[in-house]
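This report concerns only the one structure given below.
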């Protein structure tokens with residue numbers, strides 16, 4: 001896969017950084033001239049992925065979250081959100097809508113459902129005790145002016 | 001994120017301004033629940049007209065307030081929901097609770 005542009009950043013798993021993370025990704029993606037709706041979907045999907053790291057991966061600790069964004073051909077972005085937290089035992093179950101291990105936190109259990117619905121493709125890799133990475137791919141519409 | 005609150009004839013209105021995520025939802029939740037317990041309103045209105053962003057934390061926020069108002073025998077309305085949040089609202093299945101009103105819409109016409 002040819003990468004046309006790439007950026008990476010990492011930050012501490014504090015909930016006050018959720019806004020920073022989605023804003024940073026959307027600022028970078030802005031160079032592809034996405035529609036407001038596409039940008040909003042990307043921001044929402046990133047917010048879900050980062051929140052999962054904070055709420056689940058680093059439940060009782062502060063750890064590091066890394067985000068990589070690649071721009072690849074066909075006006076497509078590939079966003080990877082990675083942590084070195086507790087990992088997911090059963091990915092399939094974790095991705096079921098309404099499944100949550102944190103009901104006390106008032107989590108709706110919709111994180112993965114939103115990521116799936118707001119991007120074209122998502123893949124999740126996880127090793128219990130090692131961490132999780134979530135990769136999301138989304139093709140953006142081509143504006144007429146871009147030919 | 002900021003909230004402004006009014007209480008009028010048993011109707012508690014909380015207007016949320018800014019972005020709702022896991023971080024800010026916790027703040028709104030704490031403030032709103034304290035008021036619900038102190039004032040025991042018969043109706044809670046969450047005004048979303050100035051919400052600029054929301055992820056699924058906002059869904060949790062709505063579901064939680066729906067439950068709490070139910071426990072106290074009251075009702076919840078979520079009003080002035082901007083168009084860009086609709087996809088998420090639909091995905092969440094919150095429509096079944098019949099508490100969501102779009103911007104410029106009254107529940108009666110829904």
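Would you confirm whether or not segment A:95-117 contains a residue that is over 21 Å from residue B:64 (Cα atoms), surrounded by 22 or more Cβ atoms within 10 Å (Cβ to Cβ) and under 17 Å from the mean Cα position of the chain (by Cα)? So that I can check it myself, show each step before the final result.
Restricting attention to segment A:95-117, the residues satisfying the condition of being over 21 Å from residue B:64 (Cα atoms) are A:95, A:115-117.
Filter again for surrounded by 22 or more Cβ atoms within 10 Å (Cβ to Cβ), leaving A:115.
From what's left, under 17 Å from the mean Cα position of the chain (by Cα): A:115.
Yes; the residues of segment A:95-117 include at least one that is over 21 Å from residue B:64 (Cα atoms), surrounded by 22 or more Cβ atoms within 10 Å (Cβ to Cβ) and under 17 Å from the mean Cα position of the chain (by Cα).
Scanning for something surrounded by 13 or more Cβ atoms within 10 Å (Cβ to Cβ), under 17 Å from residue A:119 (Cβ atoms) and away from every other protein chain (no Cβ under 14 Å), does segment A:30-51 turn up at least one residue?
So far as segment A:30-51 goes, yes, one or more of its residues are surrounded by 13 or more Cβ atoms within 10 Å (Cβ to Cβ), under 17 Å from residue A:119 (Cβ atoms) and away from every other protein chain (no Cβ under 14 Å).
Can you pull out the helices (runs of 4 or more DSSP H) entirely within segment A:1-120 that have at least 1 residues that are in contact with a strand residue (DSSP E or B) (Cβ under 8 Å, 6 or more places away or on another chain) and free of Cβ contacts under 8 Å to residues at least 12 places away in the same chain? If you could, list the steps in order and put the result at the bottom.
Details: elements: A:18-29, A:36-52, A:91-94, A:111-118.
Ranges flagged: A:18-29, A:36-52.
Any residue at all in segment A:1-15 that is touching a helix residue (DSSP H, G or I) at 6+ places or on another chain (Cβ under 7 Å), surrounded by 15 or more Cβ atoms within 10 Å (Cβ to Cβ) and away from every other protein chain (no Cβ under 14 Å)?
Going through segment A:1-15, the residues touching a helix residue (DSSP H, G or I) at 6+ places or on another chain (Cβ under 7 Å) turn out to be A:7, A:9, A:11, A:13, A:15.
The next check asks that each one be surrounded by 15 or more Cβ atoms within 10 Å (Cβ to Cβ); those that pass are A:11, A:13, A:15.
If we keep only those that are away from every other protein chain (no Cβ under 14 Å) too, we end up with none.
Within segment A:1-15, not a single residue is touching a helix residue (DSSP H, G or I) at 6+ places or on another chain (Cβ under 7 Å), surrounded by 15 or more Cβ atoms within 10 Å (Cβ to Cβ) and away from every other protein chain (no Cβ under 14 Å).
State whether one or more residues within segment B:43-55 are surrounded by 19 or more Cβ atoms within 10 Å (Cβ to Cβ), touching a residue at least 40 places away in the same chain (Cβ under 8 Å) and out of contact with any strand residue (DSSP E or B) (no Cβ under 6 Å at 6 or more places or on another chain).
Checking segment B:43-55: not a single residue is surrounded by 19 or more Cβ atoms within 10 Å (Cβ to Cβ), touching a residue at least 40 places away in the same chain (Cβ under 8 Å) and out of contact with any strand residue (DSSP E or B) (no Cβ under 6 Å at 6 or more places or on another chain).
Quick check: anything in segment A:65-87 over 13 Å from the mean Cα position of the chain (by Cα) and within 14 Å of chain B (Cβ to nearest Cβ)? Don't jump to the end; show me each part of the working.
Residues of segment A:65-87 over 13 Å from the mean Cα position of the chain (by Cα): A:71-76, A:84-87.
Still in the running and within 14 Å of chain B (Cβ to nearest Cβ): none.
No, that holds for no residue.
Among strands (runs of 3 or more DSSP E) lying entirely in segment B:1-93, which contain 1 or more residues that are within 22 Å of residue A:23 (Cβ to Cβ)? Full working, then the answer.
On the way: elements: B:2-8, B:11-20, B:43-54, B:75-81.
Output list reads B:2-8, B:11-20, B:43-54.
Residues in segment B:95-104: is at least one more than 12 Å from chain A (Cβ to nearest Cβ), in contact with a strand residue (DSSP E or B) (Cβ under 6 Å, 6 or more places away or on another chain) and in a loop (DSSP other than H, G, I, E, B)? Working first, answer last.
Start the filter on segment B:95-104 by keeping residues that are more than 12 Å from chain A (Cβ to nearest Cβ), which leaves B:95-104.
Those left that are additionally in contact with a strand residue (DSSP E or B) (Cβ under 6 Å, 6 or more places away or on another chain): B:99-103.
With the extra rule that they be in a loop (DSSP other than H, G, I, E, B), the set shrinks to B:99, B:103.
Within segment B:95-104 (the criterion being more than 12 Å from chain A (Cβ to nearest Cβ), in contact with a strand residue (DSSP E or B) (Cβ under 6 Å, 6 or more places away or on another chain) and in a loop (DSSP other than H, G, I, E, B)), the answer is yes, since at least one residue qualifies.
Starting from residues that are within 17 Å of residue B:88 (Cβ to Cβ) and in contact with a strand residue (DSSP E or B) (Cβ under 8 Å, 6 or more places away or on another chain), keep the ones in segment B:9-38 and report whichever is farthest from the other protein chains (Cβ to nearest Cβ). Before you say what the answer is, go through the steps one by one.
Within segment B:9-38, the subset within 17 Å of residue B:88 (Cβ to Cβ) is B:16, B:18-22, B:24-25, B:28.
Still in the list and also in contact with a strand residue (DSSP E or B) (Cβ under 8 Å, 6 or more places away or on another chain): B:16, B:18-21, B:24, B:28.
Details: B:16: 15, B:18: 9, B:19: 6, B:20: 10, B:21: 5, B:24: 8, B:28: 11 Å.
Among those that are within 17 Å of residue B:88 (Cβ to Cβ) and in contact with a strand residue (DSSP E or B) (Cβ under 8 Å, 6 or more places away or on another chain), it is B:16.
None of the figures in this text is laboratory data; all of them are computed from the coordinates on show. Owing to the predicted nature of the structure, the values given are computational and were not obtained by experimental measurement. Quick reminder, even Gly has a Cβ in these numbers, built from the backbone with ideal geometry, and neighbours come from all protein chains shown.
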